[in-house]
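Report on the structure given below.
Please treat every number below as a calculation from the coordinates, not as lab data. All of these numbers come straight from a predicted model, not from anything done at the bench. For neighbour counting, all protein chains shown are included, and Cβ atoms are generated from backbone atoms with ideal geometry for every residue, glycine included.
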Amino acid sequence: MVKIDVKQQWQPALALVIAAAVIVVVQPDSRANRVSTLDLEETGFDELYIQFVDADRTRAAIVDRGATTIRRGEASEQAPEWSIESLSGDGWLARSEDEGVVFFVPVSDVSDWVYPFLYSFVRERRRGLELPAAEWTTLYVDRLYQGLFLRVKLPFDRAETASRRELLAVEAGRVAQVDTWFEPSSGGPGLPDDLEVEARHGSLAWLSAVRSETETLLMLSRRPQELGLMPLPVSVPGLFAATHGVEPTYVEEEQAPSWNESWRASVADTTYLAEVELEALGADFEEYRDVFLAALRIHGEFHGNTSDLQASIPRRQRAGVDLDLTLEGN
């Protein structure tokens, strides 16, 4: 019979367990461990909380910090209830019969980090345009920090009898159509032959001109011959693909290339801005840059991709280059 010295066997094993525990403590690699070292008070942007109200995690309230005590089943009483689903790349899609559609797009999936500032600048000063909200948000899910997200609320017709408007993403002569509930267009492919597209306000054409992307987002009413420019800072085809797993259906549109060309040619970069607004643009951007970079740093530390985010800054600030607005400073 072979005699086993149990004491000699467990001592090396115990040493390995202790060593492994030390490695875990000294080199944490989970988000839970990272968040404990972050100063979330420095994120700077407004906070929103997705609070699930059902065990299946398909319904949630979207609230600020003051309402995070909502319990399951209480959403309809204290805050609107949303149908919610996670998207590829850590994004979220929320839909409500009363409130419309909201996307939360992680900063890493936003192609230009200066354009949201320019968009918000125009939206604040041209309220008559009724541009939809597209704002940076510090997002929490069930009170747990998730990072820096762009919150995009798409236009929505509340009246039950109202027809859903359509969103058109124009790219290289192709038009992708979806409705404002973010489903494939129910109006059929193609556009009226006599449709006339124009920039109804200089600031909208200017926003189209400063975009770094080739596609322009449009909003089409169900009423004939009504097409208004609405250049959002995110890609509608990209959001659709993240939601449905496939790209939206494209239709060839001969007029599409001329739309972008005419808009971009008709408005000089800053002709619609008054001198006092140009001064405010520069001052506001300095504050924005500091807040954004601090929030970006925290997001990167939490997700473990700080180096990649920092390295991508030069190619994600093209919308502001001609205006001397850069995230890397002057």
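See the values below:
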read-out	value
R0 of 35 Å, Cβ-Cβ distance residue 55-residue 305: FRET efficiency to nearest 0.05	0.65
Mean Cβ count within 10 Å, highest first, over the residues of peptides 108-119, 132-143, 303-314, 47-58	108-119, 132-143, 47-58, 303-314
Nearest-0.05 FRET efficiency for residue 98 and residue 129, computed from C-beta distance (R0 25 Å)	0.60
Gain upon complete extension [residue 283, residue 321; 0.36 nm per residue less C-alpha separation]	12.1 nm
Positive minus negative residues near residue 82 (Lys, Arg vs Asp, Glu; Cβ under 11 Å)	-3
Linear extension gain, residue 40 paired with residue 290, 0.36 nm per residue minus alpha-carbon span	88.5 nm
